[in-house]
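Peer 1: There's a structure below that I have some questions on.
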Amino acid sequence: MGSAATTDRKAHKGSMLWYFFLLTLASFIWSAQGTAVKFLYRQLGPIAITFVPFYITTVLLVPLLIHKRRVNPQATQPTWNDWWTFTLAGIGGQVLAQLGMTWGIAKSLASNGAVLNLMIPVMTAVLASFMLREKLTLLRVVALVIGLVGVLLMSGEDIRQSSFTDMKYLAGNALILVGCFGSSFYNTYCKGLLRRFQEIEILIFSYITASLASLPLLVWLEPFHWSVLSTFDWKSWVSLAFLATLMYGASMLLFFAALEHLDVTVASVSLYLVPIFGVLLATFLLGERLGTTALVGSGIVLLATILIMKYDASY
């Protein structure tokens with residue numbers, strides 16, 4: 001009996017480490033989004049930067065979806081009600097999240113965006129408690145607070161440079177908050193859909209609806225001209241490829257693969273890893289200095305993430 005319990009604990013620990021690895025890899029990919037967007041801003045506006053790679057991702061994922069459903073003939077067939085569900089996920093989640101973030105930072109400051117993004121795990125925890133009836137246990141609250149403290153230490157320079165009360169940044173800050181809400185809503189809402197659909201199905205079905213809903217923005221608000229591609233240098237092409245394959249594709253599949261087995265509140269703590277990787281990328285790729293405070297903050301964030309992944313009583 002004791003041997004079986006020990007084996008179960010080891011299997012549980014191994015699976016939790018695997019989910020932690022998936023979430024860490026997804027966070028690492030997300031941390032590079034700002035750099036890619038920065039390179040593309042030279043040739044494209046915020047709407048094109050948001051949705052052109054998004055459309056490419058959608059087209060690339062369709063063959064994978066077709067293959068998955070062919071090898072699994074018993075897969076759930078979406079009903080009209082399901083398509084309304086995916087439409088809500090696509091528009092209320094992806095369109096708001098991606099456009100709000102990109103357009104908001106364009107109208108505000110990058111430092112404002114970095115600080116306001118700290119709201120995503122907190123928003124997600126609150127939405128999960130209402131939408132999914134997840135429990136906000138003491139451990140989860142403590143982990144969220146510890147992670148927030150750690151990221152605030154890392155973001156000291158961003159906080160000093162932030163300008164939330166400046167009226168000219170007000171619209172941008174509001175858009176960033178809309179993007180934060182969209183991201184939190186999408187992660188929480190899609191968790192409920194995992195009971196009936198696989199992660200690839202949720203992703204591509206919601207991407208299809210988001211793509212259709214966003215087309216008018218690209219046609220009327222910010223018309224896209226194919227000739228602009230001739231002005232791309234290698235950094236722009238790499239950035240576009242990164243957004244289309246890794247940012248909107250691989251990272252979301254990794255996150256959903258972990259989300260299928262974890263509560264949204266637990267998985268959202270891993271989002272605090274994004275600024276850690278952002279700081280490390282800035283250090284190694286841009287030559288920025290990694291200060292003592294940033295190192296301490298990174299350690300605190302890692303502590304919060306490990307704490308909830310190892311000791312959360314729900315698993």
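Peer 1: When you scan the range 3-26, do you find a residue that is over 28 Å from Val266 (Cβ atoms) and either modelled with pLDDT of 90 or more or not β-branched (Val, Ile, Thr) (or both), even just one?
Peer 2: Yes: one or more hits.
Peer 1: Every residue in the range 226-257 that is within 13 Å of the chain's Cα centre (by Cα) and hydrophobic (A, V, I, L, M, F, W, C), please. Can you show your working first?
Peer 2: Quick first cut of the range 226-257, residues within 13 Å of the chain's Cα centre (by Cα) only: 243, 246-256.
Result: Leu243, Leu246, Met247, Ala250, Met252, Leu253, Leu254, Phe255, Phe256.
Peer 1: Oh, and also: Is there a residue in the range 221-233 that is closer than 21 Å to Val274 by Cα, touching a Leu at 6+ places or on another chain (Cβ under 7 Å) and not acidic (Asp, Glu)?
Peer 2: No, every residue in the range 221-233 fails to be closer than 21 Å to Val274 by Cα, touching a Leu at 6+ places or on another chain (Cβ under 7 Å) and not acidic (Asp, Glu).
Peer 1: Would you mind listing the helices (runs of 4 or more DSSP H) fully within the range 136-249 where at least 3 residues are of a type in the set (Ser, Thr, Tyr) and modelled with pLDDT of 90 or more?
Peer 2: 170-193, 199-216
Peer 1: Let me ask something else. Could you please let me know if Glu199 is among the acidic types (Asp, Glu) and closer than 16 Å to Leu25 by Cβ?
Peer 2: yes
Peer 1: So which residues in the range 179-231 are touching a residue at least 12 places away in the same chain (Cβ under 8 Å) and of a type in the set (Lys, Arg)?
Peer 2: Hits for the range 179-231 are Lys191, Arg196.
Peer 1: Quick check, is Ile66 hydrophobic (A, V, I, L, M, F, W, C), closer than 14 Å to Ala213 by Cα and surrounded by fewer than 23 Cβ atoms within 10 Å (Cβ to Cβ)?
Peer 2: no
Peer 1: Counting only residues that are loosely packed, with under 12 Cβ neighbours inside 10 Å and not hydroxyl-bearing (Ser, Thr, Tyr), which one in the range 222-244 is nearest to Gly100 (Cα to Cα)?
Peer 2: So the residue we want is Pro223.
Peer 1: Could you say whether any residue in the range 62-83 is over 20 Å from Leu193 (Cβ atoms) and either in contact (Cβ under 8 Å) with a residue 40 or more places away in the chain or under 23 Å from the mean Cα position of the chain (by Cα) (or both)?
Peer 2: The answer is no; no qualifying residue exists.
Peer 1: When the range 33-48 is examined, which residues are found to be of a type outside the set (Phe, Trp, Tyr) and either in contact with a Cys (Cβ under 7 Å, 6 or more places away or on another chain) or not in a helix (DSSP H, G or I) (or both)?
Peer 2: Across the range 33-48, the qualifying residues are Arg42, Gln43, Leu44, Gly45.
The values are calculated or read from the model by the stated rules, or taken from the named source; none is laboratory data. What you are looking at is a predicted structure, and each value in this text was computed from that prediction instead of being measured. Every residue, glycine as well, gets a Cβ built from its backbone with ideal geometry; the counts of neighbours run over all protein chains shown.
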